[in-house]
Amino acid sequence: MSVDSLYAVAKAMVAPGKGVLAIDESQSTCKKRFDALGIACDEEHRRAYRQLLVTAPVGDWISGMILFDETLRQKTNDGTAFVTALKKQGILPGIKVDAGTKPLALHFKEVVTEGLDGLANRLQEYRALGAEFAKWRAVIAVDAGLPSPACLKANAHALARYAALCQEAGLVPMVEPEILLDGNHSLERCQEVSAATWKLLFAELAEQGVDLKATILKTSMVLAGQDAASQPDLDTVAAATVETLMANVPATVAGVVFLSGGQSDRDATVRLNRMNQLYAGRMPWPLSFSYGRSIQRPALEAWAKNPGDVASAQALLAHRARMNALAAEGKYEDGMEK
């Protein structure tokens, strides 16, 4: 893929009024969610549920879907490849390529994401299967003395090497440093960690020669830990998040999308909307979403109760996709939820 083609894909991923849907849960994560709803987590049930997702009429609001390795290779009931089904709607197929986290040696409670070995060959295969972008997730814990410089460095370096390999293979890299909500840390502490994480990440990307115009940043909002005694209001979250991004993320990045990261469905939508309301025309890049659970949850719960009523589950998925697409333009209102 040419550089211009990479730019076009990256731009399409954050097109106005659109965002990316993450359906790239690993089998272990999928099992947890299925088990909680009494669904057998075998290959056929996973395929049937993801068929519901990839064939849902959401092309007006979803620019791309991040798939898992198994999902990228699956087909609908009529034999249509999932990738083909997505492209028919104008949705870009993406692929999660990291191999998950492992404990970081000599650093208690911290992890590093693995998967670089053999990645170049896997990326070529994924490109041949129809993927147009990829995703790699790093996990940053916030606690007393955490994250350590070693953790930030190891994960930023891995993200940068992954991104370079993606662009060489003709895929747009989505780089995802997730700063966990777990804990009782303050918003101010999250802001410090976010700034350090993003600053180091982009220094590493520069060292690896990654073209930021063909790169998407997927990251966490600046939030207090879920167990914090005090939770900041909507405008405080918006200001802390956007101002910290603008101070640490280069203007040349193609776009910034948020992960929902344990927020409620509504909170993820409302907070994104407020950022786009307050900072419209002032940000150098589009600010959108790449949510997974917060868009999928209503559809999954409905499908678990009545697997035969796919249309109703898809309607719930489309509704949450539309709400977040409106939020990506600062046009969401609570009354629209009805």
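Where a number appears in this text, it was derived from the coordinates with a stated rule and is not lab data. None of the values given here were measured: they were computed from a predicted structure. Ideal geometry is used to build each Cβ from the backbone, glycine not excepted, and the neighbour counts take in all protein chains shown.
Quick one: compute the contact order of the chain, relative version, from alpha carbon pairs under 8 angstrom and 6+ residues apart, as a percent. Mind dumping the intermediate values first?
Values: 656 pairs, mean separation 64.2, N = 338.
Value for the chain: 19 percent.
With +1 on the Cβ of every Lys and Arg and -1 on the Cβ of every Asp and Glu, and nothing else charged, how large is the dipole of the range 193-297 about its Cα centre, in debye rounded to the nearest 20?
260 debye
Please list, ordered by chain and number, the residues whose modelled amide H lies under 5 Å from the amide H of S288; skip anything fewer than 5 residues away on the same chain.
For S288, whose amide H was placed from the backbone, the distant partners under 5 Å are V256, V257, F258.
I'd like the Karplus ³J(HN,Hα) series for the range 143-151: coefficients 6.51, -1.76, 1.60, θ = phi - 60°, whole numbers in Hz, and an x wherever there's a Gly or Pro.
7, 4, x, 10, x, 7, x, 5, 5
Longest span of the chain, sites excluded, free of GluC sites (Glu not before Pro) in DSSP loop with at most 15 other C-beta atoms within 10 Å?
Counting only loop sites that pass the neighbour cut-off, the longest clear stretch is 115-332.
Can you list the lysines whose alpha carbon is less than 16 Å from that of K331, not counting same-chain residues fewer than 8 positions off?
Cross-link targets: K18.
How many angstrom separate the Cα center of the range 148-209 from the Cα center of the range 270-291?
Between the Cα centres of the range 148-209 and the range 270-291 lies a distance of 20 Å.
List, in the order given, every pair from K75/K305; K11/K199; K153/K199; K102/K153 whose Cα-Cα distance in the structure shown is over 18 Å.
K75/K305; K11/K199
Could you please state, rounded to a whole Å, how far the C-alpha centre of the range 42-81 is from the C-alpha centre of the range 113-132?
19 Å
Skipping prolines and chain starts, which residues have an amide H placed within reach, meaning under 5 Å, of the one on I62, given they are 5 or more residues away or on another chain?
Excluding prolines and chain starts, which carry no amide H, the hits are G19.
I need the Kirkwood Rh of the range 48-163: take the reciprocal of the average 1/r across all distinct C-alpha pairs and report it in angstrom.
Across the range 48-163, the inverse of the average 1/r is 15.8 Å.
Just report the Cα centroid separation between the range 239-267 and the range 1-34, whole Å.
Measuring centre to centre over Cα atoms gives 16 Å.
Give the aspartates and glutamates whose C-alpha is closer than 18 Å to that of K338, dropping any in the same chain fewer than 8 places away, or say none.
Partners within reach: D265, D267.
Output ³J(HN,Hα) for the range 91-107: one whole-Hz value per residue in order, computed from phi by the Karplus curve 6.51 cos²θ - 1.76 cosθ + 1.60 with θ = phi - 60°, and x for Gly and Pro.
9, 7, x, x, 8, 6, 10, 6, 9, x, 9, 9, x, 7, 3, 6, 10
Consider just the alpha-carbon atoms of the range 60-118 and return their Rg together with their Dmax, both in angstrom.
According to the Cα coordinates of the range 60-118, Rg and Dmax are 16.3, 51 Å.
With the radius of gyration and the Kirkwood radius both derived from the Cα set of the range 262-338, what is their ratio Rg to Rh?
1.05
Counting each pair of different Cα atoms once, what's the Kirkwood radius of the range 1-114 in Å, rounded to one decimal?
Here the Kirkwood hydrodynamic radius works out to 15.8 Å.
At 0.36 nm per residue, and after removing the present C-alpha to C-alpha distance, how many nm does the segment from A229 to K32 gain when stretched out fully?
68.0 nm
With only alpha-carbon atoms counted, please give the Rg and Dmax of the range 187-311, in Å.
Rg and Dmax of the range 187-311, Cα atoms, are 16.5, 51 Å.
Using only alpha carbon positions, build the gyration tensor of the range 3-329, then give the equivalent ellipsoid semi-axes as the square roots of 5 times its eigenvalues, largest first, whole angstrom. Mind dumping the intermediate values first?
Values: eigenvalues 158, 104, 84 Å².
Largest first, the range 3-329 gives 28, 23, 20 Å.
Using the Cα centre of the chain as the reference point, and only Cβ charges (+1 on K/R, -1 on D/E), how large is the resulting charge dipole? Debye, rounded to the nearest 20. Numbers along the way, then the final one.
Values: 36 positive and 39 negative charges, 113 e Å.
Magnitude of the dipole: close to 540 debye.
Return V14, V139 ranked ascending by Cβ neighbour count within 10 Å, so the fewest neighbours appear first.
Going from least to most buried by this count: V139, V14.
Rounded to the nearest 0.05, what FRET efficiency do K338 and A304 give with R0 = 35 Å and r taken as the Cβ-Cβ distance? Could you check?
Once the sixth-power term is evaluated, E becomes 0.90.
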